[in-house]
Amino acid sequence: TNAPKVVLFLNELEHILLNTQPPEFQKVMNPLFRRLAECIQSPHFQVAERVLFLWNNEHIVKLINQNRQVIFPIVIAALFKNSQYHWNSTVHTLTYNVSKLLAEADAPLFDECSNKHIAEEEKRKQQEEERSRRWEELKQDNAEKTGGEDAFLVRFSADATF
């Protein structure tokens with residue numbers, strides 16, 4: 001993506017949201033915050049900073065808090081990933097500040113979403129470990145059947161006609 005254009009888009013979005021009433025906001029909040037969650041995790045620090053600065057706007061925070069049952073689950077996963085993997089220290093600080101605002105707005109919901117995210121990450125890690133284990137088993141079985149040669153190479157050379 002083109003980071004300067006994304007930053008311009010986020011600036012325009014903030015102005016639009018300032019003039020958005022709750023009924024209109026509710027129509028677009030789900031896809032909007034899915035996109036904003038992607039921006040939060042952007043490796044480009046200006047994009048991540050700009051989207052996190054949206055939480056400095058009282059009107060936007062009010063819209064978010066009024067619809068937190070939908071928005072928190074979307075945003076909290078992105079904030080967790082940012083806090084662990086983003087390279088920029090300013091983005092880390094802003095991520096912490098936004099997380100703190102969400103926790104203060106609704107601690108039980110924040111904890112529920114956080115715990116769900118942690119459980120999903122643990123499940124994903126277990127699935128990845130299982131996938132790696134199975135792959136290693138397949139490679140070992142293949143090595144035993146082919147005498148240590150790569151099956152693709154054995155098959156390729158057997159199928160080749162010169």
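The values are calculated or read from the model by the stated rules, or taken from the named source; none is laboratory data. Bear in mind the structure is a predicted one, so any value in this text is a computation, not a measurement. Because the Cβ atoms are built from the backbone with ideal geometry, glycine has one as well, and the counts that use them run over all protein chains shown.
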Would it be correct to say that LEU8 is over 23 Å from ILE118 (Cβ atoms), in a helix (DSSP H, G or I) and either more than 19 Å from the chain's Cα centre (by Cα) or of a type outside the set (Gly, Ala, Ser) (or both)?
yes
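Can you confirm whether GLU24 is under 17 Å from VAL98 (Cα atoms) and more than 18 Å from the chain's Cα centre (by Cα)?
Against the criterion (under 17 Å from VAL98 (Cα atoms) and more than 18 Å from the chain's Cα centre (by Cα)), GLU24 does not qualify.
A quick yes/no check of all residues on (1) within 27 Å of PRO22 (Cα to Cα); (2) modelled with pLDDT under 95:
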{"site": "LEU63", "(1), (2)": "yes, no"}
{"site": "ILE76", "(1), (2)": "yes, yes"}
{"site": "SER89", "(1), (2)": "no, yes"}
{"site": "THR93", "(1), (2)": "no, yes"}
{"site": "GLU121", "(1), (2)": "no, yes"}
{"site": "LYS125", "(1), (2)": "no, yes"}
Report, by residue number, each residue of the stretch 1-43 that is more than 19 Å from LYS62 (Cα to Cα) and hydroxyl-bearing (Ser, Thr, Tyr).
THR1, SER42
